[in-house]
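Reading through the structure tokens given below for one structure.
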Amino acid sequence: MRQFTITDPRYARVGGLLASAALLVAGGILLAGLATYYYLAPTLPEVAQLRDVHLQVPLRIYTRDGRLLAQIGEQRRIPVRFEEVPKAVVNAFLAAEDDRFFSHGGIDTWGLMRALAVTAVTHEARQGGSTITMQLARNMFLTPEKELRRKLREIFLAFRIESEFSKQEILTLYLNKIFLGERAYGVAAAAEVYYGKDLPELSIAEIATIAALPKAPSTLNPIANPERARQRRAYVLRRMLEKGYITSAEHDSAVAAPIETFEHGARVEVEAPYVAEMVRAELADKYGEELYSAGYEVRTSIDSRLQRAADWSLRAALLEYDRRHGWRGASGHSARPPADAREAAQMLEHFGPVGGLVPAVIESVTGKSAVAFGKDGRRYLLPWENGLAWARRADKGAGPGAPPREAKEIVAAGDVVYLLPSGGGFALLAQIPLVQGAFVALDPQDGAITALAGGFDFYASKFNRVVQARRQPGSSFKPFIYSGALERGFTPATVILDAPVVIEGAGMEDMWRPENDAKHFYGPTRLRDALARSRNLVSIRILRALGVDYAIDYATRFGFESDELPHNLTMALGTAQLTPLEMATGFAVFANSGFRIEPYLIERVSDASGTALFASNPIVACLECALPIEPPLPPPPEPPGGRSRAAAAPDLPAENAGPPPASPAAVPSPLAIADAPLHAVGADAAGVTRLADLGAGATVPAGKHLAPRVISAANAYLMTDLMRDVIRRGTARRALALKRDDIAGKTGTTNDRRDTWFSGFNADVVATAWVGFDQEHSLGAGEEGGHTALPMWVYFMGEALAGRPEHRLPQPEGIVSARISASTGEPARGNDPDAIFELFLAGKLPGSGGVAGDGAGLPTAKPGEKADEPIF
């Protein structure tokens, strides 16, 4: 090959001049760059600030057993480490955004020169040319507007980031920080939002769809614009194929995949929105707006399985009540039935799921069945038995009408209804209940709230009836009066007259003639029977004998505030305005043998690094601790003896003995609760042992604080035994279906049946159920605590105690038994055929003067058991 050399001196001089000019230009550019850098350097973040990176992570709330209960925050972000990101996700972002990422020093020179040239010509920054490092710099520290000054700062900051971080660190920050639409920040959050999946579960098509979003996340995302998302996805897939990240077959399959997505919520494992809102409200004042972005994690006292049981038990009880009162008709109607599930979804656009019920459109009606398309995309068959036959037309003010004979009397094609899926493609016709309810369960040993449901559906009504609804507890308040009566000389054998009484004055504006619910009077009645059958007039006479001031002071031992209690005789019938949580807390005193615990919900609050910011240290009941009663009980006056004089007070009815006990087959709700039997209390996720599980001679765990003893163990035991009779032969006999002998409780029904209650317990769990209307009015004839609220409690306890042995606290000192006459309550004669055994507080046995010694040496027996041998 011939070589040419320039020998003409003129050409040599030109070459030298060009070289000098090039050096001058390069030097000028360098000087300009240095000058620009030193001019902009003060506006760039320091190295320490670069290292101190805090991602905005939402508040996450967990159950005691570590299941996600809620995520609250403006930005949805799930931080991941580099090794947790699938290789396909990394490749997709590199192909779409910066395929030379691992080879450049933060700047893609050719791309940048192109962007600068366009900016110089148009005086507008129309093209980016940004590398992943530059995007990270902009997203973390700079504003998004397209200006030359901002672009230069972005370049210099990218160099600084590259000098301080490794490539893996930069890419990890980017994949966690980048905004990907629909409030999703980072790839893990985007996977959850668009597909409801974890990163490793994504397909190639789904990965490419997410990797296509950084360019325009609000307009290219598959929810906002499926067609534009499909086009951008095709570009990403082509780039992945060109770079050798996927095969041709994978490319073709992903391109052909449909764009199918909708917004998913956080992958909540336990639905408990009422609990989540309580936690948020409690912490908001303390931590402010930082609560929603600093990555705080909260562990609550909620047991995930008990919580699920509480929700379904409440919904089952309310749906059953709603069924009893008839079918109110379809929620909407379309002129023609849907042709398929997609058309049905369009018809149901303005109807959402409520409390586990699925909105649906009736497709066809034939004979005694119907077919419907649900908004969940499924096709359901509605059978006659249990599915449609219940739907008697509701006649306002007159109760349900005649039973239907065919499905066409109930629904028609095109009707919009709500369904309760029952499995296997079947569903039951339902409707959103107008009635409301509340349920709360506590650990009586330390006050931990283990389950809470504040209503049928949080998103339909955020009013939390467990803590916000103040309603009259009715007869379920009577145990607190009776407990005080035992300290004033009354006994389970004390006979009180159940007869009409008229009360004037005493704080009442009008004359008051209280009644029993059945409008009957039963004459002389033993105190045990009066509580079991909820006799109003007996309770009023007891309160009048005790004195209202004494009773109010005594009731505060259970956590009630004196100003919440009526200062007149109506208190005997539960006219105070109390919340379900307050009632459950009061009953916990009986369940734990006399200690007043304080309910709590939050066990631990930690920051993003896992450092504890708060840890609960609840007061605990200690059965083995010799604690005095606080405050000391006042000395009792002379006891009233075997019979009390008639007492007095205004007008709220209570329950009669109620219907006969339900058979076990009648108890299960149409709402089946899945999974294995629930556990109640025991060792929690952190291994903290509950005192109820400690054996004899147990000591208080280190660092624990003791709950004050407010009533004696003997009083709590005797009251528990009295309330066991409420279930065994009183107003709560439906609970016999649980086939347990360690449960006790009390029903409650208020005037005109506006509120129905049941509070009950064993030694491991105490729970309160309430049913009523938010705008107070009657629940209807026959709707009483034992019929309306009790089923909710039974369903829950059936799950909570399944597989657990019976657990009754041992009989304490200070309890004796004696043989009495069932009719008079007096010591039985040796030949009395109706003699029974009864329990008494030591020193308060019946006798001619009301007390017959301490009963030392007397044989023991179950209350109500026939006495075969004379005692006196």
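So here's what we get for this one:
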{"item": "Extreme residue, modelled with the lowest pLDDT, among residues of the range 318-363 that are out of contact with any strand residue (DSSP E or B) (no Cβ under 6 Å at 6 or more places or on another chain) and among the hydroxyl-bearing types (Ser, Thr, Tyr)", "result": "SER334"}
{"item": "Selected residue (only one of THR720, THR731 is in contact with a Ser or Thr (Cβ under 9 Å, 6 or more places away or on another chain), modelled with pLDDT of 95 or more and closer than 28 Å to GLY780 by Cβ)", "result": "THR731"}
{"item": "Residue under evaluation TRP327, criteria (1) over 25 Å from GLY399 (Cβ atoms); (2) surrounded by 18 or more Cβ atoms within 10 Å (Cβ to Cβ), criterion not met", "result": "(1)"}
{"item": "Checking SER203 against (1) farther than 24 Å from HIS251 by Cβ; (2) of a type outside the set (A, V, I, L, M); (3) in contact (Cβ under 8 Å) with a residue 40 or more places away in the chain; (4) open to solvent by 10 Å² or more (accessible area, probe 1.4 Å), the condition it does not meet", "result": "(1)"}
{"item": "Residue ID - surrounded by the most Cβ atoms within 10 Å (Cβ to Cβ), chosen from residues in the range 521-558 that are among the hydroxyl-bearing types (Ser, Thr, Tyr) and within 16 Å of ILE496 (Cα to Cα)", "result": "SER534"}
{"item": "Scan of the range 775-789 for residues that are over 20 Å from the mean Cα position of the chain (by Cα) and either among the aliphatic types (A, V, I, L, M) or part of a loop (DSSP other than H, G, I, E, B) (or both), ordered by number", "result": "GLN775, GLU776, HIS777, SER778, LEU779, GLY780, ALA781, GLY782, GLU783, GLU784"}
{"item": "Strands (runs of 3 or more DSSP E) (entirely within the range 381-484) containing at least 3 residues that are within 28 Å of ARG299 (Cα to Cα)", "result": "436-442, 449-453"}
{"item": "Filtered residues of the range 530-563 (kept if touching a residue at least 24 places away in the same chain (Cβ under 8 Å), more than 18 Å from ILE711 (Cα to Cα) and among the charged types (D, E, K, R))", "result": "ARG533, ARG535, ARG541, ARG544"}
{"item": "Selected residue (criterion: modelled with the lowest pLDDT) from residues of the range 141-159 that are open to solvent by less than 40 Å² (accessible area, probe 1.4 Å) and hydrophobic (A, V, I, L, M, F, W, C)", "result": "LEU142"}
{"item": "Residue tally, condition in contact with an Asp or Glu (Cβ under 9 Å, 6 or more places away or on another chain), of a type in the set (D, E, K, R) and farther than 26 Å from PHE439 by Cβ, over the range 264-308", "result": "1"}
{"item": "Number of the exception - ALA835 against (1) modelled with pLDDT of 90 or more; (2) touching a Leu at 6+ places or on another chain (Cβ under 9 Å); (3) under 15 Å from PRO492 (Cα atoms)", "result": "(2)"}
{"item": "Residues being more than 11 Å from ILE362 (Cβ to Cβ) and more than 31 Å from the chain's Cα centre (by Cα) - total across the range 389-417", "result": "17"}
{"item": "Sole residue being surrounded by 21 or more Cβ atoms within 10 Å (Cβ to Cβ) and either closer than 23 Å to ARG323 by Cα or of a type in the set (Phe, Trp, Tyr) (or both), chosen from GLY387, GLY367", "result": "GLY387"}
{"item": "Per-region count, the range 784-801, residues open to solvent by less than 10 Å² (accessible area, probe 1.4 Å) and under 14 Å from SER475 (Cα atoms)", "result": "4"}
{"item": "Single condition PHE477 does not satisfy, out of (1) touching a helix residue (DSSP H, G or I) at 6+ places or on another chain (Cβ under 7 Å); (2) of a type outside the set (D, E, K, R); (3) crowded, with 24+ Cβ neighbours inside 10 Å", "result": "(1)"}
{"item": "Answer residue from the range 285-300, given it is open to solvent by 50 Å² or more (accessible area, probe 1.4 Å) and over 14 Å from the mean Cα position of the chain (by Cα) and is nearest to ASP443 (Cα to Cα) among those", "result": "GLU297"}
{"item": "Among the residues listed as ASP764, ASP725, ASP755, the single one being under 14 Å from ALA591 (Cβ atoms), open to solvent by less than 20 Å² (accessible area, probe 1.4 Å) and not small (Gly, Ala, Ser)", "result": "ASP764"}
{"item": "Residue list for the range 617-628, restricted to those being in contact (Cβ under 8 Å) with a residue 24 or more places away in the chain and part of a loop (DSSP other than H, G, I, E, B)", "result": "ASN617, PRO618, ALA621, CYS622, LEU623, GLU624, CYS625, LEU627, PRO628"}
{"item": "Pick from the range 221-251, criterion part of a loop (DSSP other than H, G, I, E, B) and open to solvent by less than 20 Å² (accessible area, probe 1.4 Å), ranking: nearest to ASN91 (Cα to Cα)", "result": "ILE246"}
{"item": "Inter-residue pairs, beta-carbon under 8 Å, first under 17 Å from LEU180 (Cα atoms) and in the range 225-250, second open to solvent by 70 Å² or more (accessible area, probe 1.4 Å), 6+ apart", "result": "ARG232/LYS215"}
{"item": "Residue identified as in contact with a strand residue (DSSP E or B) (Cβ under 8 Å, 6 or more places away or on another chain) and either among the aliphatic types (A, V, I, L, M) or within 26 Å of ALA448 (Cβ to Cβ) (or both) among ALA732, ALA716", "result": "ALA732"}
{"item": "Flag if GLY352 is under 30 Å from LEU601 (Cβ atoms), surrounded by fewer than 18 Cβ atoms within 10 Å (Cβ to Cβ) and of a type in the set (Gly, Ala, Ser)", "result": "yes"}
{"item": "Test: residue in the range 753-772 that is of a type in the set (Lys, Arg) and more than 28 Å from GLY447 (Cα to Cα)", "result": "yes"}
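Conditions (1) open to solvent by 60 Å² or more (accessible area, probe 1.4 Å); (2) at pLDDT 90 or above; (3) assigned to a strand (DSSP E or B), marked per residue:
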residue	(1), (2), (3)
ILE259	no, no, no
GLU271	yes, yes, no
LEU283	no, yes, no
ILE302	no, yes, no
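Conditions (1) open to solvent by 50 Å² or more (accessible area, probe 1.4 Å); (2) touching a residue at least 60 places away in the same chain (Cβ under 8 Å); (3) over 15 Å from GLU97 (Cα atoms), marked per residue:
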| site | (1), (2), (3) |
| --- | --- |
| GLU164 | yes, yes, yes |
| LEU175 | no, yes, no |
| ARG183 | yes, yes, yes |
| ALA189 | no, yes, yes |
| GLY196 | no, yes, yes |
| LEU199 | no, yes, yes |
| ALA212 | no, yes, no |
| THR219 | yes, no, yes |
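Let's see how each residue does on (1) modelled with pLDDT of 90 or more; (2) in contact with a Lys or Arg (Cβ under 9 Å, 6 or more places away or on another chain); (3) farther than 21 Å from ALA256 by Cα:
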{"site": "ILE161", "(1), (2), (3)": "no, no, yes"}
{"site": "GLN168", "(1), (2), (3)": "yes, no, yes"}
{"site": "THR172", "(1), (2), (3)": "yes, yes, yes"}
{"site": "GLU182", "(1), (2), (3)": "no, yes, yes"}
{"site": "THR209", "(1), (2), (3)": "yes, yes, no"}
{"site": "SER218", "(1), (2), (3)": "no, no, yes"}
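The values are calculated or read from the model by the stated rules, or taken from the named source; none is laboratory data. What you see is a predicted model; the values in this text were computed from it and never measured. Using ideal geometry, Cβ is built from the backbone for each residue, glycine included, and neighbour counts are taken over all protein chains shown. Ligands, DNA and RNA are excluded from the accessible area calculation, which covers all protein heavy atoms including side chains. Shrake-Rupley method; radii C 1.70, N 1.55, O 1.52, S 1.80 Å.
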